[in-house]
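Worksheet: one structure, shown below.
The numbers here are math on the coordinates, done by the rules we state, and not lab data. Everything quoted here is computed from the prediction, not taken from an experiment. Neighbour counts are summed over all protein chains in view; Cβ atoms, including those assigned to glycine, are modelled from backbone coordinates with ideal geometry.
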């Protein structure tokens with residue numbers, strides 16, 4: 001049983017993606033790691049090369065600017081990267097440029113890959129999620145943040161990235177998956193207000209039409225983090241690969257986690273989930289068959 005990792009990245013430096021941390025967080029788990037670098041205008045290539053690990057195989061791509069709706073270009077690039085994984089690998093471990101795996105989960109991940117290696121009904125492995133917001137001290141805990149998603153898929157080339165590569169499917173069919181005792185730490189919303197707006201303006205061409213894109217580009221040069229619906233304080237320990245980045249943080253955002261901004265329906269659902277651990281009517285981009 002062998003595991004290949006794969007990821008895509010473009011303009012990691014100008015957008016301050018924690019891509020080095022993302023890659024390093026799964027290197028101990030995988031036997032090879034495909035990094036597909038888009039046509040960047042910054043020092044992304046040198047950044048990835050600086051890791052210097054022989055497991056890393058760098059490839060290059062040009063992002064299709066015609067794929068402008070809903071981040072479809074991310075799925076396109078993800079499929080290209082997946083296509084570079086050879087048949088000797090049983091599993092493909094996908095990590096996005098703002099996601100990190102805590103080292104404490106490495107044994108459970110390897111064990112799950114071994115456990116289901118020959119159980120071909122299982123086409124993917126499902127991870128829990130923590131979505132950090134504003135700083136490394138806050139986590140989104142409302143229904144707007146997806147609670148689970150597939151991050152390891154069987155090396156079956158019928159599988160492809162779904163929509164903006166949030167998850168994977170076979171055509172329109174949800175993947176049958178096993179739940180893994182592991183969590184993805186998602187840091188995509190942890191940036192200074194200025195850097196967050198800069199990143200949104202940079203990436204808007206791959207998400208919006210001309211009208212919406214111009215509106216974003218003409219907006220203030222800072223992001224207002226007070227628009228959240230619900231947050232909670234993070235009281236755990238971040239992955240080791242993130243500690244240097246956290247130490248370098250040079251902005252302060254104080255958010256009041258006691259404030260909840262819900263419709264009546266979402267308020268009822270929110271507190272029901274807090275009491276029971278059950279999230280009714282949740283969108284699930286997968287079918288759990290092993291847990």
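Given R₀ = 22 Å, FRET efficiency for residue 13-residue 172 by Cβ-Cβ distance, to 0.05? Each step should come with its number before you reach the end.
Values: r = 37 Å, r/R0 = 1.67.
Between residue 13 and residue 172 the formula returns 0.05.
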Reduced Cα scattering model of segment 2-107, Debye log10 I(q)/I(0), q = 0.16 Å⁻¹ = -0.67
Going from the alpha-carbon gyration tensor of segment 66-129, what semi-axes, largest first and in whole Å, does one get by taking the root of 5 times each eigenvalue?
-> 25, 17, 11
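Explain nothing, just the number: relative contact order of segment 1-134, from Cα pairs under 8 Å at least 6 residues apart, as a whole percent. All intermediate terms of the calculation are to be shown ahead of the outcome.
Details: 185 pairs, mean separation 48.2, N = 134.
After rounding, I find 36 percent.
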Shape of segment 38-96, Cα gyration tensor, a/c cut at 1.5 = oblate
Can you give the FRET efficiency for residue 212 and residue 279, using 1/(1 + (r/R0)^6), R0 = 35 Å, r = Cβ-Cβ distance, to the nearest 0.05?
-> 0.70
So what is the orientation-averaged projected area of segment 36-159, using the convex hull of its C-alpha atoms, in nm²?
-> 10.2
Among 207, 63, 251, which one shows the biggest mean-square fluctuation in a GNM of the chain, springs joining Cα atoms closer than 10 Å?
-> 251
Report the equivalent ellipsoid semi-axes for the chain in whole Å, largest first, defined as the square roots of five times the eigenvalues of the gyration tensor built from alpha carbon atoms.
-> 28, 25, 20
Would you mind estimating how fast segment 110-206 diffuses translationally, via Stokes-Einstein at 37 °C and 0.692 mPa s with the Kirkwood radius over Cα pairs, in µm²/s?
-> 214
Estimated distance in nm for a label pair at residue 221 and residue 202, the labels positioned 7 Å out from Cα along Cα-to-Cβ = 1.5
Taking a label point 7 Å from the Cα of residue 110 along Cα-to-Cβ, the residues of segment 18-50 whose backbone nitrogen sits under 11 Å from it are 28-31
Rounded to two decimals, the Debye log10 I(q)/I(0) of segment 186-291 (Cα scatterers, no solvent) at q = 0.10, 0.12 Å⁻¹ is -0.48, -0.69
For segment 50-79 and segment 174-197, distance of Cα centres in Å | 18
If you bin every alpha carbon distance in segment 144-184 into 10 Å steps from zero, what whole percent lands in each bin?
-> 25, 58, 17, 0
Sorted by Cβ neighbour density within 10 Å, fewest at the top, the residues 213, 242 | 213, 242
Output ordering of 47-57, 133-143, 274-284, 155-165 (per-residue mean of other Cβ within 10 Å, highest first) is 133-143, 155-165, 47-57, 274-284
